């Protein structure tokens, strides 16, 4: 019987024939497979069969073009991987690109089973959500469905109680599952939008910037506006206010006016990314980022604050199923990260390497939810578990930013959901 091979983003799973005893399936990193190619065409010596390919030339991000189950030269089941060409070392140690269009590695199934270092692995994590349609709610469409309005975006008063309930149940579901929701065609009144997320007796979280931030160039509305958010520069992935002991739980951005060019937003569900880092990429990097303290500071002309915590802070309690401590909060902000002085000299490079592995992961296309907000659109996200960013832009882009507390948000949305779907919802 043939083996089955499934190509994952960073590794392959080989499921062995049912008739075979022992290991049922095994996971193999792509760079490991390429390094352990058994061919006599540049990977092993034609006479001695000793390895001649150097592990140092295998790109860690290498992916196969395809993989198939096949039969080896001995007639026994095998798996073939087809690779793009890679550079190899010549006699002087210089890297040279081979002339082959693709490289084929054929592994006997018995060989894979006997060398299965990821045998019957159960703790795996999928990629973070990266399809914007999963988190998008069209408020204008809801208005048409629940009020009969054909005029496009509606004010809250135009939504029937049934429509309001459907909207807030959708918000609860998106935020609880993905940590982010994009609301299209919501409207132009930021104050009204606040109470989409919290009850009438609650209020926003004011910060040293003020009650509502007006993120635009030439800002005159907010105090302490000498920071990147009030420029047209790109702002890379981060969480807000890492320098504060108590970080605002949620933020929403209301698009008053989009940029003429650029200014797109993107988001990464950092909790999923951290789990993926732990099980699929580098447990060592994960351990460093969850244990090594980092000092964050905000130094503005009229405001200063500092706080120290790991980039990935874990809960004190453990998950009963895995005995692992769950992720409680992500603090990640390159522009407020202070000089790292808490790591001994001989260990500092390793910590920087761990941070770079994490950062490279976050900027993969298959980790990011990308969206361009138009006038009247809103995005809301969990500032403890979701990283956000924007591209640089030109033109008079204007976003209104508002912080909300988690208890206020979940109390309000949860109450609506229970009233709509029942107490067990």
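Laboratory data are not the source of any read-out in this text; all were calculated from the coordinates shown. Everything numeric here is computed off the predicted structure, so don't read it as measured data. Virtual Cβ from ideal backbone geometry, glycine too; neighbours counted across all protein chains shown.
Can you tell me how the range 6-66 classifies by the Cα gyration tensor, rounded, prolate or oblate, using a/c under 1.5 as the rounded cut? Verdict is oblate for the range 6-66. By the equivalent-ellipsoid construction on the alpha carbon gyration tensor, the range 210-273 comes out with semi-axes of 21, 17, 11 Å, ordered largest to smallest.
Projected over every direction and averaged, the convex hull enclosing the alpha-carbon atoms of the chain yields 27.7 nm². Note on the chain: with a GNM built from Cα contacts shorter than 10 Å, the maximum mean-square fluctuation among 166, 55, 371 falls on 55.
Considering only beta bridges that DSSP places wholly inside the chain, some 95 percent are antiparallel.
For the range 73-208, the share of DSSP beta bridges that are antiparallel, to the nearest 5, is 75%.
Per residue of the chain, the DSSP helices (runs of n ≥ 4 H) give a summed -39500 (n - 2.57) that works out to -7000 deg cm²/dmol at 222 nm.
Placing R0 at 60 angstrom, the Cβ-Cβ distance between residue 7 and residue 297 gives a FRET efficiency of 0.85 after rounding to 0.05.
Between residue 340 and residue 144, the C-beta separation translates, for a Förster distance of 45 Å, into a calculated FRET efficiency of about 0.25. Full extension of the chain between residue 264 and residue 326 yields a length gain of 19.2 nm, computed as 0.36 nm times the residue separation minus the alpha carbon distance.
Length available on full extension from residue 66 to residue 162: 0.36 nm per residue minus the Cα-Cα distance, which gives 29.6 nm. Counting 0.36 nm for each residue step from residue 315 to residue 363 and taking away their Cα separation leaves a gain of 14.7 nm.
A protection proxy built from the mean count of other Cβ atoms within 10 Å ranks the segments 248-254, 134-140, 48-54, most packed first, as 248-254, 134-140, 48-54. For the pair residue 279 and residue 111, label points projected 7 Å from Cα toward Cβ lie 3.0 nm apart. Between the range 277-333 and the range 210-272, what is the C-alpha centre distance in whole Å? Each part's Cα centre sits 21 Å from the other's. Largest GNM mean-square fluctuation among 188, 99, 210, using the chain with Cα springs under 10 Å: 99. Return the FRET efficiency for the residue pair residue 91, residue 353: r is the Cβ-Cβ distance, R0 is 25 Å, and the value is rounded to the nearest 0.05. According to the calculation, E is roughly 0.25. Ordered by the count of other Cβ atoms within 10 Å of each Cβ, fewest first, 380, 281 give 281, 380.
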